[in-house]
Amino acid sequence: MNLSRWKTWACTASLVAAGAISAQAQGNVFNTPGNVVISDQYNNRLIEVNPDNNKVFWRFGSGSSVAGPHSVVGVNDVQRVGDLTLVAGTGVPAGAEPTCPNGCADNRVMLIGKNGVIQWQYGKAGVTGAGPDELNAPVQNTWLPSGNVLITDQGNMRVIEVNMAKQIVWQYGQTGVAGDGFNQLNNPNSAELLTNGHVLIADESNNRVIEVKHNKQIVWSYGCATCSELNGAAFASRLPDGSTLITDGGNNRILDVDSKGNVVWTYYTNMRAGSVSNPSPSRALMLKNGNVLISDQNNMQVIEIDSKFNIVWSQGQVAVPGTGFDMLNGPYDAKVIGDYTGITSPF
């Protein structure tokens, strides 16, 4: 790891912000800025934790592997939108859970109230499809300033923008067609709206990150289907300085890549103490304090690293799955409430 190449602004911001999420938290109150919302994938639940004491004080999901009004299966992405929680119920593949030997579907994107009541959803519980109000393994959702939702519909090889009337108003990718040609994706894993109006897509099985205009023209890319720069692009977000933070799941690392495609710094999650050989990190977000929040999926932890790659906060026990205090099972995503550096604001 080349520590000297870490962003200077990140180092400075980290010192100013006291260097940790825990400095922001204010107590066990729902939706407090600084608290952390985590999608605990294989525990089939969403949780909000106070990072000062790692206490879970809000959750959604009964733990059931059957999608329903009080359950979410294989939760992948989570985002707080005001006092609602936007979540992608992806489902789990065959063999991922003991209760799902043949896989369990969910296929919904939902807005959930504090009381656990689903206020809106796109997709039908347990139904896999590509027709109206149908999804196939939605892995990510982003709330847009327009009030629409950007959905990464992985199994259908597309990114779609859906309004509250459940109409698709924009799409990138040809439904059901995997490829790397014009208007094609291969198992996309995330999509974020940029401040310039373009959409940044982590095109996982094409091993690339692309920035596309609404006319579907690619204006920036890193990696490609036949290249070696990435191996399973899991997530990407654009940082304030114009560089792109990429979660390279298959290579067990986080990359900061500048606009010219130069790697500024790299952090390997499988090189830390106690790590499994292939933790396959699924999300990394730069925080306002300059630290990076990583969902290190197969290490069963969410970790926050500072500019020297020190772990300054964690939730979960490294490589130990569970449901008890300070335990997770395949955490896929984590976001700090009120801190959306690098991704679309929820408001």
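Applying a threshold of 6 Å to beta carbon distances and a minimum spacing of six or more residues, or different chains, the list of pairs starting in region 247-272 at a residue that is surrounded by 23 or more Cβ atoms within 10 Å (Cβ to Cβ) and ending at one that is assigned to a strand (DSSP E or B) and among the acidic types (Asp, Glu) reads Leu255/Asp248; Thr269/Asp296. Of all the residues in region 185-195, those that are at pLDDT 95 or above and not in a strand (DSSP E or B) number 3.
Which one is surrounded by the most Cβ atoms within 10 Å (Cβ to Cβ), of the residues in region 43-68 that are touching a Leu at 6+ places or on another chain (Cβ under 9 Å) and in contact (Cβ under 8 Å) with a residue 40 or more places away in the chain? Filtering region 43-68 for residues that are touching a Leu at 6+ places or on another chain (Cβ under 9 Å) and in contact (Cβ under 8 Å) with a residue 40 or more places away in the chain, the one surrounded by the most Cβ atoms within 10 Å (Cβ to Cβ) comes out as Phe60. Surrounded by fewer than 22 Cβ atoms within 10 Å (Cβ to Cβ) and either small (Gly, Ala, Ser) or modelled with pLDDT of 95 or more (or both): is that true of Ser71 in this structure? So Ser71 passes the test. Counting only strands (runs of 3 or more DSSP E) that sit wholly inside region 251-347, those with at least 1 residues that are more than 19 Å from Gln140 (Cβ to Cβ) and not small (Gly, Ala, Ser) are 253-257, 263-268, 301-305, 311-315.
Applying the set (1) farther than 22 Å from Ser282 by Cβ; (2) free of Cβ contacts under 8 Å to residues at least 40 places away in the same chain to Leu135 leaves exactly one unmet item: (1). Summed over region 101-115, residues that are in contact with a Pro (Cβ under 9 Å, 6 or more places away or on another chain) and closer than 16 Å to Gln79 by Cα total 2. Take the residues in region 246-266 that are in contact with a Leu (Cβ under 8 Å, 6 or more places away or on another chain) and acidic (Asp, Glu); name whichever of them is nearest to Asn206 (Cα to Cα). Top of the filtered list is Asp248.
Of all residues in region 94-138, those satisfying the criterion of being within 14 Å of Asp153 (Cα to Cα) and of a type in the set (Ser, Thr, Tyr) are Tyr122, Thr128.
The values are calculated or read from the model by the stated rules, or taken from the named source; none is laboratory data. What you are looking at is a predicted structure, and each value in this text was computed from that prediction instead of being measured. Heads up, the Cβs are rebuilt from the backbone with ideal geometry, glycines too, and the neighbour counts pull from every protein chain shown.
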